[in-house]
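Here's the structure we're looking at; comments come further down.
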Amino acid sequence: MSVLTSPASSPSLWRTFAQRFQVGAAVGGRSPDSLGSGERELCVRHFDVLTPENCMKPGPVHPERGRPDFSASDALVEFAERHGQGVVGHCLSWHQQCPDWLWPAGIDRQSALAQLSEHIHAVAGHYRGRLQGWDVVNEAVADDGEFLRATPALRAIGPDHVLRAFELAREADPNAELYYNDYNIEQPAKRQRTLRLLRELLAAGARVDGVGIQGHWILDQVPFGDIRAAIAEYRALGLKVMITELDVDVVDRPDCGADISVQRAYAPAADLYRDGLPDAVAARQAEQYAELFRIFGEPGAVSRVTFWGLHDGMSWLNTWPGKRTNHPLLFDRACRPKAAFAAVLDSIASPVRR
Ligand code: G3I
């Protein structure tokens, strides 16, 4: 299948994979209606479920206690509803982009639980019945060593802070699916810690419908074997598995993981692809995206694949862990399909390579 040159004439991504899994995208900024016309066309044509990149995070949506600001998130939900797209809320509890009032130093457990309840009921309650699901807790598992990440929620509430958040989300919106979302949880050690967390949540009677493997992978370092094994192990818990923040970074980022607290100052010379992505690199990215989609497309493997951004120009990877021109997605800065787009479409016709 040839690479078509415009989003309007390209086969729809989500329609191509509709029998296997949903295809979604994260949308940033104030509102999808403020996107350029090409970006809006891209968003509606290729994705049938949207994730707000930032506007529903605790800080942006609830900056002051008791005074949530739904202006940006309402615009996104209304856009999606107008276009028949689902919305996954992101995210109710996270240690990043948190308002100061939610976890003040020294807050006692009962007060912290009361404030978390206030936040979750305000936000998930506002969208009750309108969202497909929620990333209830984001990135609560430690990257190394211990079990849980040392977050303000862990310090204030204790090791059951994840369980409490899931219980509150279920109260606030009984209709929404509830997910745990994290990065690098395909990797063996962090995968075992995440499996432990999920088993404990399920044993405690929490409603957990799925787990989100974020999928912030790096070209030539994509852990295909770990991804396949992780999908199988999470599925074995009876959970839906979703790839929630997919991108394939073409600029290496040694020892950065996906923890945004890490920052790097790159020299201009490190901006390797400021003039565009070389064909040879684009070809390698295409093949690695195709292999990922062959794994995702295996029967019953995943229920959703969400790209973390609409096109290369809107990717967080242009500024993290430092500023350099990146090309991690399927569409270029002009919304044109890249080689990776055609390779992903072609993957549906070719079985996974063992
Ligand atoms: O909106 C403010 C703006 O008013 C202000 O002028 C500007 C400068 O300080 O900051 C703007 O907020 C920024 C926000 O993106 C919106 O652009 C924050 O500083 C910036 O930290 C934030 O970065 C986001 C990051 O999460 C932290 O929340 C990225 O766009 C977003 O792609 C990234 O996404 C996360 C997922 O939520 C969780 N998994 C990892 C993933 C990548 O880090």
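Please report, in whole Å³, the volume per residue of the convex hull around the C-alpha atoms of segment 7-140. Intermediate values should be presented prior to the final figure.
Values: hull volume 15.1 nm³, N = 134.
Convex hull of Cα atoms, per residue: 112 Å³.
Roughly how many debye, to the nearest 20, is the charge dipole of the chain about its Cα centre, given +1 on each Lys and Arg Cβ, -1 on each Asp and Glu Cβ, and no other charges? Don't skip to the answer; put the middle values down first.
Details: 38 positive and 45 negative charges, 94 e Å.
Around 460 debye, computed over the chain.
Using only Cα atoms, locate the centre of segment 159-186 and the centre of segment 300-354, then give the distance between them in Å, rounded to an integer.
So the two Cα centres are separated by 27 Å.
Under a plain spin-label model, where a point goes 7 Å from the Cα along Cα-to-Cβ, how far apart in nm are ARG264 and ARG82?
Placing both labels 7 Å beyond Cα along the Cβ direction yields 4.0 nm.
Does anything in segment 83-118 have its amide N under 13 Å from the 7 Å Cα→Cβ label point of GLU64, and if so which residues?
Answer for this model: 101.
Given the options LEU201, LEU237, LEU246, state which has the largest fluctuation in a GNM of the chain using a 10 Å cut-off (strictly under) for Cα springs.
Of the options given, LEU237 has the highest mean-square fluctuation.
Calculate, for GLN110 and TYR273, the FRET efficiency according to 1/(1 + (r/R0)^6) with r their C-beta to C-beta distance and R0 51 Å; round to the nearest 0.05. Don't skip to the end; give the middle numbers.
Values: r = 52 Å, r/R0 = 1.01.
Working from the Cβ atoms, E equals 0.50.
Put +1 on the Cβ of every Lys and Arg and -1 on every Asp and Glu Cβ in the chain; which of PRO104, LEU219, VAL44 then has its Cα farthest towards the positive end of the dipole?
Selected residue: VAL44.
With the crude spin-label approximation of a point 7 Å out along Cα→Cβ, what separation in nm comes out for ALA229 versus ASP100?
It is 4.6 nm.
Starting with the fewest neighbours, write out ARG30, ARG191 ranked by other beta-carbon atoms found within 10 Å of each beta-carbon.
Lowest to highest Cβ neighbour count: ARG30, ARG191.
What do you get for Rg/Rh of segment 84-194 when both radii come from the Cα atoms and Rh is the Kirkwood radius?
On the way: Rg = 14.1 Å, Rh = 14.4 Å.
Value, to two decimals: 0.98.
Treat every Asp and Glu Cβ in segment 112-212 as -1 and every Lys and Arg Cβ as +1, leave all other atoms uncharged, and give the resulting dipole magnitude about the Cα centre to the nearest 20 debye.
Numbers: 12 positive and 15 negative charges, 25 e Å.
The dipole of segment 112-212 has a size of about 120 debye.
How are the C-alpha pair distances of the chain spread across 20 Å bins, as whole percents from the shortest bin up?
Bins of 20 Å from zero give 31, 60, 9, 0 percent of pairs.
How would you rank ARG164, ARG228, going from fewest to most other Cβ atoms within 10 Å of each one's own Cβ?
Numbers: ARG164 21, ARG228 18.
Ordered from fewest to most neighbouring Cβ atoms within 10 Å, ARG164, ARG228 come out as ARG228, ARG164.
Starting from the Kirkwood Rh over alpha-carbon pairs, what translational D in µm² s⁻¹ does segment 271-354 have by Stokes-Einstein at 4 °C and 1.567 mPa s?
Values: Rh = 13.6 Å.
Answer from the Stokes-Einstein relation: 95 µm²/s.
Please give the contour-minus-distance gain from SER31 to LEU202: 0.36 nm per residue of separation, less the Cα-Cα distance, rounded to one decimal in nm. Present the calculation step by step, with values, prior to reporting the outcome.
Values: separation 171, 0.36 × 171 = 61.56 nm, distance 3.59 nm.
Extending this stretch completely gives an extra 58.0 nm.
Computed FRET efficiency, Cβ-Cβ of GLU41 and ARG130, R0 30 Å: what is it to the nearest 0.05? Show your work: numbers first, answer last.
On the way: r = 24 Å, r/R0 = 0.81.
Efficiency, rounded to the nearest 0.05: 0.80.
Starting with the fewest neighbours, write out MET56, MET314, MET242 ranked by other beta-carbon atoms found within 10 Å of each beta-carbon. Don't skip to the answer; put the middle values down first.
Numbers: MET56 28, MET314 22, MET242 31.
By the 10 Å Cβ count, ascending: MET314, MET56, MET242.
Every number here is computed from the coordinates shown, using simple stated rules; none is lab data. All values reported here derive from a predicted model rather than from experimental measurement. Because the Cβ atoms are built from the backbone with ideal geometry, glycine has one as well, and the counts that use them run over all protein chains shown.
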